[in-house]
Every structure is written in structure tokens, then in C-alpha cells.
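The values are calculated or read from the model by the stated rules, or taken from the named source; none is laboratory data. If you're wondering where the values come from, they're calculated on a predicted model, not measured in any experiment. All Cβ positions, glycine included, derive from the backbone under ideal geometry; neighbour counts span all protein chains shown. What goes into the accessible areas is simple: the full protein's heavy atoms, side chains included, and nothing from ligands, DNA or RNA. Shrake-Rupley method; radii C 1.70, N 1.55, O 1.52, S 1.80 Å.
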Amino acid sequence: MFIDGEWVDARSGKTFDVTNPATGELLGSAPAGEPEDAVAAIDAAYASFPDWANTTAYERSRLLYSAWQLMTERSEMLAQLMTAEQGKPLKAARAEVNYAADFLIWFAEEAKRVNGEWLPSQRPDQRFLSVKAPVGVVAAITPWNYPISMLTRKMGPALAAGCTLVLKPAESTPLCAKATFEVFVDAGIPEGVINLVTAVEPAPIGDVFTADPRVAKLTFTGSTAVGRVLASKSAANLQRISVELGGHAPFIVFPDADPVHAAKGAAALKFLNAGQACISPNRLYVPASLRSTFEETLCSRVEKIETGNGAVEGVGVGPLVSDTAVAKVERQVEDARDKGAGVPVGGTRLTQGDYAAGHFFAPTVLTDVTEDMTIYREETFGPVAPVISYDDPDQVIELANDTNYGLAAYVYTRDIGVAMRAFERLRFGIIGVNDVNPTSASVPFGGMGDSGLGREGGHEGINEYLETKTGGFAI
Ligand code: NAD
């Protein structure tokens, strides 16, 4: 762990093992932090806040810029580590490190764009000034599926704004978190400003973060269930919160779209990170008129995807994070099959030979998916593409919106009017139009409804770490 400028063990001396999800191989261990460690981390962040908040925006920008340079220089090492610890194919891990580094350079620049306003008064002897100030100590909790970029997406803006922080990464990816912290430490972030608490039992650490009145802001990325619990606990202290949660993205192919192009897009998008992404499409709506061409193209693409250890050249789908994750996918596929879905590709766990020691599920296509199936409403977080056939293009937006989630949605059409109306009517925070990658450090990321509160990235991302201060000056 990294607390008050030092790499330290847990005060209890306990550790936990970190394994490769593709091979079961032991990669190392991490300190099993407990509440007393979390308190020490908050002590350090709280003590260092006044000095850090008083640094100039130019100084913070320079440090973030150095962190970007170091992360870029170390990108291959970070990508290899990510593939070993999290399982995604090396090519995807390299892309993630680039994305992670982008948040550093973006917020190095945004640090210098935080400004205020002179505002009018009704009194001739009065002037108003409104400025932005850092909120204070930030507590961050991050997930395993994007184990480096989810850290920089929070640390970049928090540091740019002048906040100090404590961060607890997911228990399956502490080594990526450590390597990310090393980047910031080597870039010269002062002692106490950033603190890392690794833990195998997350709830007691979350309890410290939400109960400590010195923590001004909680930022969380993970499941909706945990986000809800943390948000309710942090309400007692009126902590500011941002929670980026689950999703259940619709992917709508309109009747005028090119079904081959759309199916290629779906195949590329759905199997990224083995489907373990909150913006992964979970419902592919295809009009009856395009169904056979779409399904044929999708199936032929999915059949060719190689599943295995992400470190092996050519592998497109790696392992899932755990056996529990495989069991969840298996349960959803079985439920769909029992209720009449077709399974033209995949549909089973992979357990033989090289797969035996990892957590693998075969890339799968489900057809004839209907509303009564669990997969129609429950997030999958696995390599399964459920195709739903529809008849009425006027109704498909309503079907797509019929979910408590509201993170990402995708639309395929060649008609600008259809695209624009769909963009306006879909109740989701991020919409890809003929585009399977509508994310970037330069744009806001976040969801509506059960997908969360707040936005990360873009110009808005830094606002989550700032509050407004008004001054009235009698002159
Ligand atoms: P999770 O909620 O179980 O874990 C996320 C983080 O929360 C981990 O660090 C974990 O240790 C911690 N955690 C778990 N229980 C906790 C508790 N009681 N108190 C404090 N911390 C706790 O989710 P997961 O399985 O790791 O991640 C998958 C989920 O995250 C999916 O639902 C996915 O959609 C969501 N996700 C969302 C985004 C987004 O930006 N919206 C990004 C990635 C993942």
C-alpha cells in the first residue's frame, strides 16, 4: 500500500494472493488492508490537503503531464501486467493503457482551465466574484475490469482540481493499482497527496470512507448494488458523490442500416474485454427484414474468435474474472435456452485442456431472445450476444428505453433523421451512432437512472472535484 509517501504493509501484516485468471498462476500478493490502514490513509490525505490545494494550477498540470509521460513510457510493461492480472488480450490492454494515459494529459490541460466569474450586483458599491475550489479529501473505489484507466479517470481530475485522495482498488487487480501509483509517485506527486489502500474485504474500507467526516467526496465505479449502498452510507455525512454503475445497453439496427456492417460492429463491441464492460451491448435489436443476414454475419465472426490466455497472439476473448462470473453467464444462457432461445454459437463453459485452470466461457450468440428471459433485463458481463427480432421501428426506442439502466446505447442507420431522433429519444448517457467506441477522455462518461450519478472525463469531469465559492465585495 502507499500511505503518506511510503510503501507499507498492512498494519496487521496480512496479505492476499493475486492470480492470473487465465492460468490460475500466482502472480504475487498485496497487503490486506483493514480499517486502521484506511484511517491512516485519510489522515495523510487530510494533512496534505492545504498545501496541495495551494499549489498553482501550472504546478499540478506539470506533475500530471510528467505522469502522462511516464505512463506512456511504461505502457508495454503496464499492458503486460494488466493482461496477466485481469486477463484481457494484450492488444486491448495496450489500448486501455493509452486511454488511461489520455486522462492524465487531458486533465493536465483542464487544470489550467478552472476559472471564475465577476458577476453583477444591484448595488453600485458591491462586486461579486465566483470561483471554484477543490472539495477536499476524495475517497475512490475502483473496479477490476478496467484496472488502470478507472484509476486515472478519477485521479487525473481530482489532482488537477487540487484534491488529495485515498483509493481502494478491486481485490483482483491490486498490482495494476500499485503500478499506476508508481507512475504518480515517480512523477513527483508530494507525500500524502495520493494514498493506496489494498484490501481483500472491501466493505469495512468502504465503511471508513463513508463514515469519516474528513472525506468530502466519494467516487465509485462498480456494480449498481454496491454503489447504492455506498451512496446511502455517504449521505449521512453529506459527502459529494459520483457513482458510475452498471448498464444494459441496447444496440438498435434500423431497417435502413447495412446489416453486415452492423453485425461486424456488434461482434467487435460485444466481445471486448470478454463482455465485461459496463457499456457492452446487452440487447441487439434487429428488424425481422435484416435478421438472417445480421445473424449469419454475427455468427461467422463470433465462431472465428479465439478464446484463451490474453498473452497469446491472436486471442480475442480472455478469461472472465472469476468462477462466479462464469456461473452467472452460464445461468443466463441456460435460462434463455430453456425459454426457447437459439444458441447457434458457443453456449458453454470451456473447461478442457488449457482452459482447465482459468475461468472461460465460449463466445456465444443467442437468437430469438424474448422479454421473459433473465438476460433481457440482467446485466451479463460476459461474452454473450443476445439477438432480439423486432417488427416496428417506431416502437424499438421504447423497448430500448425499457430498463432501469441508462449508460450506453448504440444505433445503426444510414438516415440522418432516424439517427438524430434516436439520439434525442434514447434515455442513455452515451450514444454511439454507427460507432462502437463513443468514449474518450475528452467527452463526458456516465449514465442515467441506475447507471449512476455524475460524469467523468470531458470538461465536466473536473467539476466533480470542485465546489463553487461566491464572494460579495463592498467597495
Ligand atoms: P463491485 O461493485 O463488486 O466492485 C467494485 C469495487 O467496489 C471493487 O473495488 C470492490 O472491492 C468494491 N466493493 C465491493 N463491495 C463493496 C462494499 N460493500 N463497500 C465498499 N466497496 C465495495 O463490482 P465489480 O464486480 O467489481 O465490477 C463490475 C460492475 O461494475 C458491473 O456492474 C459494471 O457495469 C460496473 N462498472 C461500471 C463502470 C462505469 O463506468 N459505469 C465501469 C466499470 C464497471
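Quarter the surface of the alpha carbon convex hull of the stretch 344-475 and you get the mean projected area, 13.9 square nanometres. Only helices enter the 222 nm calculation for the chain: every DSSP H run of n ≥ 4 contributes -39,500 (n - 2.57), and dividing by all residues gives -12000 deg cm²/dmol, rounded to 500. For the peptides 362-368, 7-13, residues were scored by their other Cβ atoms within 10 Å and the scores averaged per peptide; the highest-first order is 362-368, 7-13. Under the convention that each Lys and Arg Cβ holds +1 and each Asp and Glu Cβ holds -1, the size of the dipole of the stretch 153-194 around its Cα centre is about 200 debye.
Helix 90-110: angle to the longest alpha-carbon principal axis of the chain, degrees 0 to 90, nearest 10? The two axes meet at around 30 degrees. For residue 15, the residues whose modelled amide H falls within less than 5 Å of its own, excluding neighbours fewer than 5 places apart on the same chain, are 32. In whole angstrom, how far apart do the alpha carbon centroids of the stretch 20-39 and the stretch 103-164 sit? When both Cα centres are located, 31 Å separates them. In whole percent, how big is the carbon plus sulfur part of the accessible area of the stretch 249-440, probe 1.4 Å, protein atoms only? Carbon with sulfur: 49 percent of the solvent-accessible area. Assuming charge only on the beta carbon of Lys and Arg (+1) and of Asp and Glu (-1), the dipole of the stretch 249-440 about its Cα centre is about 320 debye to the nearest 20.
So for the chain, what percent of the C-alpha to C-alpha distances run longer than 42 Å? When all Cα pairs of the chain are counted, 19 percent exceed 42 Å.
Heavy-atom accessible area, probed at 1.4 angstrom with all protein chains present, ranks 261, 359 as 261, 359, highest first.
A straight line joining the Cα centroids of the stretch 290-328 and the stretch 457-475 runs 45 Å.
The amide H of residue 390, built 1.01 Å from its N in the peptide plane, has 286, 288 as neighbours under 5 Å, considering only residues 5 or more places off or on other chains.
Residue by residue, the stretch 140-146 carries 3J(HN,Hα) couplings of 10, 10, 10, x, 8, 6, 10 Hz when phi is fed to the Karplus relation 6.51 cos²θ - 1.76 cosθ + 1.60 (θ = phi - 60°); x denotes Gly or Pro.
So what is the relative contact order for the stretch 174-291, in percent, with contacts set as C-alpha pairs under 8 Å and at least six apart? Once divided by the residue count of the stretch 174-291, the mean separation gives 20 percent. Taking amide hydrogens as placed 1.01 Å from N in the peptide plane, the amide H of residue 4 sits under 5 Å from those of 192, each at least 5 positions away in sequence or on another chain.
For the stretch 245-313, the list of GluC sites (Glu not before Pro) that fall in a loop by DSSP and count at most 10 other C-beta atoms within 10 angstrom reads 313. Surface calculation, 1.4 Å probe, protein heavy atoms: residue 371 sits at approximately 100 Å² accessible.
Each Cα pair under 8 Å and six or more residues apart adds its separation to the average, and for the chain the resulting relative contact order is 19 percent.
Summary of packing: across the peptides 126-135, 186-195, 250-259, 111-120, the per-residue average of other C-beta atoms within 10 Å ranks them, highest first, as 250-259, 186-195, 126-135, 111-120.
Couplings for the stretch 4-20, taken from phi via the Karplus curve 6.51 cos²θ - 1.76 cosθ + 1.60 with θ = phi - 60°, read 6, x, 10, 7, 10, 7, 5, 4, 6, x, 6, 9, 9, 7, 10, 10, 7 Hz in order; Gly and Pro are left as x. Rolling a 1.4 angstrom probe over the protein heavy atoms with all chains in place gives the stretch 249-345 an accessible area of 37 Å² per residue.
Residue-wise HN-Hα couplings along the stretch 259-274, as the Karplus relation 6.51 cos²θ - 1.76 cosθ + 1.60 with θ = phi - 60° gives them from phi, are x, 6, 4, 5, 5, 5, x, 4, 5, 5, 6, 5, 9, 4, 6, 6 Hz; Gly and Pro carry x.
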